[in-house]
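Could you have a look at this structure, given as structure tokens, before my questions?
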Amino acid sequence: MTAKKVEIVVSPRPAHFVGDGFRVHNFIPGVQGLDMKRMDPFIMLDYNSKFHFNGSERPRGVGVHPHRGFETVTIAYQGKVEHHDSSGGGGIIGEGDVQWMTAAKGVLHKEYHETEWSKKGGIFQMVQLWVNLPAKDKMSCPKYQAIENTDMERVDLGENGLIEIIAGEYNGHKGPAETFTPLHMMNAKLKAGGKAEFSFPANFNTAALVIEGSITVNGDKKAATDHLVLFKNEGETFSIEAHEEAVVLIISGEPINEPIYPHGPFVMNSREEIMQAFEDYNTGKFGYLED
């Protein structure tokens, strides 16, 4: 095994609002060097860093919108998210929980602050990833995985902390999420001075997002809160050490290596497929969902 070196440490871009409920820093594909092809199968990463929302009787969020051709993965670190889609999926994503929605051939979706949480307000913090689907699965049936925090596999690192596995595996322990292609997604929750080692194939696109605290990678590269570490596609192993208590989201996935043709809420393999997606949406083939 050889070391997987750091390619770049990326600071968060200026935040913007998605709807009125999600104040996000876009890392993928908005940052140079983090485009969809480079990060495939991770084709979008929006990070809602800690932000205080005042209480509101009307929940803030994003109204009905379509998706086709990929999966959305929402990880709630603080706050609660409520959501519904036209395939019958929906529910509440509580703190520490994950919503893994496979849009595939098409759904209408809406997401917003959970009603009771919205009334009180508070600190809101979340990540949303878009995970690409291979061409053969883009038109499969939509599905939904509600992954509660208690369902996640945990690996105890003793005095170092723990690893919370969402998808893929760590040291032979597997997470609950079902994926279409090989990928790993996990939270490293480290104590002050805690260390963890990771190993992923050299060709997997790999990154680490510092949710809390600050870390040193491979003994020399420092990354502060809200920064993203991109690794080179060489070598397999890397280590992180926490300067204080830290939470780090680790993602690593095998590239699908197919054409990526995105347009708004659709990610397909060609312009013709995008045009078909808009036609299907406009003719009601994505179902119905009340706004």
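Do we have any residue at all in the stretch 152-159 that's open to solvent by less than 70 Å² (accessible area, probe 1.4 Å), among the acidic types (Asp, Glu) and part of a strand (DSSP E or B)?
Scanning the stretch 152-159, I find at least one residue that is open to solvent by less than 70 Å² (accessible area, probe 1.4 Å), among the acidic types (Asp, Glu) and part of a strand (DSSP E or B), so the answer is yes.
Name every residue in the stretch 80-123 that is in contact with a helix residue (DSSP H, G or I) (Cβ under 9 Å, 6 or more places away or on another chain) and hydroxyl-bearing (Ser, Thr, Tyr), in order of residue number.
Of everything in the stretch 80-123, those that are in contact with a helix residue (DSSP H, G or I) (Cβ under 9 Å, 6 or more places away or on another chain) and hydroxyl-bearing (Ser, Thr, Tyr) turn out to be THR102, TYR112.
Show the residue pairs meeting these rules: Cβ distance below 8 Å; 6+ apart or different chains; first residue within the stretch 167-178 and under 22 Å from MET101 (Cβ atoms); second residue among the hydroxyl-bearing types (Ser, Thr, Tyr) and assigned to a loop (DSSP other than H, G, I, E, B).
As it stands, the answer is ALA167/THR179; GLY168/THR179, since those pairs meet every condition given.
Can I ask one more? What's the number of the only condition in (1) touching a Lys or Arg at 6+ places or on another chain (Cβ under 9 Å); (2) assigned to a helix (DSSP H, G or I) that GLU178 fails to meet?
Of everything listed in (1) touching a Lys or Arg at 6+ places or on another chain (Cβ under 9 Å); (2) assigned to a helix (DSSP H, G or I), GLU178 misses just condition (2).
Would you please name the residue that is surrounded by the fewest Cβ atoms within 10 Å (Cβ to Cβ), looking only at residues in the stretch 124-146 that are touching a Phe, Trp or Tyr at 6+ places or on another chain (Cβ under 7 Å) and farther than 16 Å from PHE180 by Cβ?
For the stretch 124-146, the residue satisfying everything is GLN125.
A further question on this structure: I need the full set of residues from the stretch 98-121 which are part of a strand (DSSP E or B) and open to solvent by 20 Å² or more (accessible area, probe 1.4 Å), in order please.
Within the stretch 98-121, LYS110, TYR112 meet the criteria.
Continuing with this model, one more query. Exactly one condition in (1) assigned to a helix (DSSP H, G or I); (2) under 27 Å from GLU148 (Cα atoms); (3) not aliphatic (A, V, I, L, M) is false for THR225; which is it?
It fails just one condition, (1).
Would you check if ILE211 is open to solvent by less than 10 Å² (accessible area, probe 1.4 Å) and either over 14 Å from SER11 (Cα atoms) or polar (S, T, N, Q) (or both)?
Numbers: open to solvent by less than 10 Å² (accessible area, probe 1.4 Å): yes; either over 14 Å from SER11 (Cα atoms) or polar (S, T, N, Q) (or both): no.
The answer is no for ILE211.
Test VAL62 against the criterion of being open to solvent by less than 10 Å² (accessible area, probe 1.4 Å) and more than 19 Å from ASN205 (Cβ to Cβ), and give yes or no.
no
Further question: Just one of ASN233, ASN218, ASN203 is in contact (Cβ under 8 Å) with a residue 60 or more places away in the chain and surrounded by fewer than 23 Cβ atoms within 10 Å (Cβ to Cβ); which is it? Talk me through it step by step, then tell me what you get.
Values: ASN233 fails: in contact (Cβ under 8 Å) with a residue 60 or more places away in the chain; ASN203 fails: in contact (Cβ under 8 Å) with a residue 60 or more places away in the chain.
The conditions single out ASN218.
Would you be able to tell me the number of residues in the stretch 65-97 that are surrounded by 20 or more Cβ atoms within 10 Å (Cβ to Cβ), over 21 Å from PHE180 (Cα atoms) and touching a Lys or Arg at 6+ places or on another chain (Cβ under 8 Å)?
The number of residues fulfilling the criteria is 2.
Next up: With the structure loaded, tell me whether LYS105 is of a type in the set (Lys, Arg), under 29 Å from GLU153 (Cβ atoms) and modelled with pLDDT of 95 or more or whether it fails that test.
In short, no.
Quick check on VAL267: is it within 24 Å of GLY90 (Cβ to Cβ) and either open to solvent by less than 90 Å² (accessible area, probe 1.4 Å) or outside any loop (DSSP other than H, G, I, E, B) (or both)?
yes
Give me the strands (runs of 3 or more DSSP E) completely within the stretch 14-57, filtered to those with at least 1 residues that are surrounded by 21 or more Cβ atoms within 10 Å (Cβ to Cβ) and at pLDDT 95 or above, ordered by residue number. Reasoning before the result, please.
Numbers: elements: 16-18, 22-28, 42-54.
Fully inside the stretch 14-57 and qualifying: 22-28, 42-54.
In the set PHE42, PHE22, which member is touching a Gly at 6+ places or on another chain (Cβ under 9 Å), among the aromatic types (Phe, Trp, Tyr) and within 21 Å of PHE124 (Cβ to Cβ)?
PHE22
I'm checking my understanding of the structure. Among residues of the stretch 254-291 that are out of contact with any Phe, Trp or Tyr (no Cβ under 6 Å at 6 or more places or on another chain) and of a type in the set (Gly, Ala, Ser), which one is modelled with the lowest pLDDT?
Result: GLY287.
Here is a yes/no grid of residues against (1) among the acidic types (Asp, Glu); (2) over 22 Å from the mean Cα position of the chain (by Cα); (3) in a strand (DSSP E or B):
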site	(1), (2), (3)
GLU234	yes, yes, no
ILE240	no, no, yes
PRO259	no, no, no
MET275	no, yes, no
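The values are calculated or read from the model by the stated rules, or taken from the named source; none is laboratory data. Bear in mind the structure is a predicted one, so any value in this text is a computation, not a measurement. We place every Cβ from the backbone using ideal geometry, glycine too, and count neighbours over all the protein chains shown. To get the accessible areas, we keep the full protein, side chains included, count just its heavy atoms, and leave off ligands, DNA and RNA. Shrake-Rupley method; radii C 1.70, N 1.55, O 1.52, S 1.80 Å.
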